[in-house]
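As structure tokens, the structure follows; a few thoughts come after it.
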Amino acid sequence: MGDAWRAWRDLAGEVQAAVTDHAKERGTPRHQVEADVKKAARHPDLVAGG
């Protein structure tokens with residue numbers, strides 16, 4: 001289980017970094033980017049082009 005936990009932790013860190021970078025590039029608050037991602041994951045039919 002240690003390897004799986006490490007892999008999950010590493011991927012979670014990559015996602016957090018990507019969210020931070022995207023927020024900075026867009027000039028959008030990080031919490032808003034996170035909320036938008038959660039909304040898109042829960043309701044993919046509401047995403048433009050989806």
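Give the residues of segment 10-43 that are loosely packed, with under 10 Cβ neighbours inside 10 Å and more than 14 Å from the chain's Cα centre (by Cα), sorted by residue number. Matches in segment 10-43: GLU25, GLY27.
When segment 8-50 is filtered for residues that are outside any helix (DSSP H, G or I) and among the hydroxyl-bearing types (Ser, Thr, Tyr), only THR28 remains.
Among the numbered conditions (1) under 14 Å from the mean Cα position of the chain (by Cα); (2) assigned to a helix (DSSP H, G or I), the only one that ASP3 does not meet is (1).
Bear in mind these aren't lab numbers, they're just calculated from the coordinates by the rules spelled out. The structure displayed is predicted, hence computed values, not measured ones. Cβ atoms come from the backbone with ideal geometry, glycine included; neighbour counts cover every protein chain shown.
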